[in-house]
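One structure is given here, and the rest of the page talks about it.
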Amino acid sequence: MNRSALPLVHRLGLGLLLGLSAGLSFACAETGVSPLISAGARPCAAGNAIFNVTPLPLASVTGWVPLGNLNPTGHTFPTDHQYLYYSTGGGASVIQIAAPATIYVTRAKSTVYSTGGADFAFEFQPCLEVKGEFGHVAGIVAKVLDELGPFDQNCQQYSPNPGLNVTSCYTRQRAVKIDEGEYVGTVDGGTSLA
């Protein structure tokens, strides 16, 4: 079944990229200190509990696509991310995205499709050793956007399918602290997904 065609059902990309990327790659040239460390990020605590809050209310989640999903033409190789399918049902047009832990948003991406749609993504780290990303979001809270600045970094255009052109640009890299459970963005019924 083609889930992207279901009415009022949309997907939020959850790319939880686990690895040993210490976050030091975001070093500031002026001080030589990582923005994550300057903002207060620390190594992960012992154990395996990192995320304590669901990013979307569980009642709105209608499906979950696991890691390794194949979905040609866009995903002809196994994906390195997951998707949550959700419903804005009950008359709600927007669902808030909650921070799954105290996180540091490190940068954001704006994507504009030639078909008229647009969406955002943002990268985050709850601690120095773990990185994650929320993709296909409708909006990012002003607090984060104000600190990250304009989408004017690493801009690129490409055409993944005939008749579809995509332009994406990033913000600069920073470390914006968001407390666990605090709203960081939104998904809505009008988000266009490629």
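The values are calculated or read from the model by the stated rules, or taken from the named source; none is laboratory data. Here the structure is a predicted model, which means the values were calculated and not measured. Because the Cβ atoms are built from the backbone with ideal geometry, glycine has one as well, and the counts that use them run over all protein chains shown. Note: accessible area is taken over every heavy atom of the protein model, side chains too, but ligands, DNA and RNA are not part of it. Shrake-Rupley method; radii C 1.70, N 1.55, O 1.52, S 1.80 Å.
List the extent of the Cα atoms of the stretch 114-194 along each of their three principal axes, largest first, rounded to whole Å.
The Cα atoms of the stretch 114-194 stretch 41, 29, 24 Å along their principal axes.
I'd like the Karplus ³J(HN,Hα) series for the stretch 170-181: coefficients 6.51, -1.76, 1.60, θ = phi - 60°, whole numbers in Hz, and an x wherever there's a Gly or Pro.
Values, residue by residue: 10, 8, 6, 8, 9, 9, 9, 6, 10, 6, 3, x Hz.
Taking the Cα centre of the stretch 122-189 as origin and charging only Cβ (+1 Lys, Arg; -1 Asp, Glu), how large is the dipole, in debye to the nearest 20?
On the way: 5 positive and 10 negative charges, 46 e Å.
Dipole of the stretch 122-189, to the nearest 20 debye: 220 debye.
Determine the shape class of the stretch 66-168: with a ≥ b ≥ c the square roots of the Cα gyration tensor eigenvalues, call it rounded for a/c under 1.5, and otherwise prolate if a/b is greater than b/c, oblate otherwise. Before the final figure, lay out each step's value.
Numbers: a/c = 1.30, a/b = 1.22, b/c = 1.07.
Cα axes put the stretch 66-168 in the rounded bin.
What is the gain in length, in nm to one decimal, between Asn48 and Tyr158 on full extension, counting 0.36 nm per residue of separation less the C-alpha to C-alpha distance?
35.8 nm
At a probe size of 1.4 Å, how large is the accessible area of Cys44, to the nearest 10 Å²?
My reading of the accessible area for Cys44 is about 40 Å².
Once Lys and Arg get +1 and Asp and Glu get -1 on their Cβ, which of Gly185, Val137, Val166 lies farthest toward the positive end of the dipole of the stretch 105-194?
Val166
From the phi angles alone, apply the Karplus equation (6.51, -1.76, 1.60; θ = phi - 60°) to the stretch 121-136 and give each ³J(HN,Hα) in whole Hz, x where the residue is Gly or Pro.
Going residue by residue, I get 9, 9, 9, 8, 9, x, 7, 5, 8, 10, 10, x, 8, 9, x, 6 Hz, with x marking Gly and Pro.
For the stretch 88-172, which whole percent of the accessible surface, found with a 1.4 angstrom probe, sits on carbon and sulfur atoms? Write down the numbers at each step before the final one.
On the way: 1760 of 3610 Å².
For the stretch 88-172, the apolar C and S fraction of the accessible surface comes to 49 percent.
Can you list the chymotrypsin sites (Phe, Trp or Tyr not before Pro) in the stretch 111-159 that are in a DSSP coil and have 13 or fewer other beta carbons within 10 angstrom? Spell out each step's value before the answer.
Numbers: sites: Tyr113, Phe120, Phe122, Phe124, Phe134, Phe151, Tyr158; in loops: Phe151.
Answer in residue order: no site qualifies.
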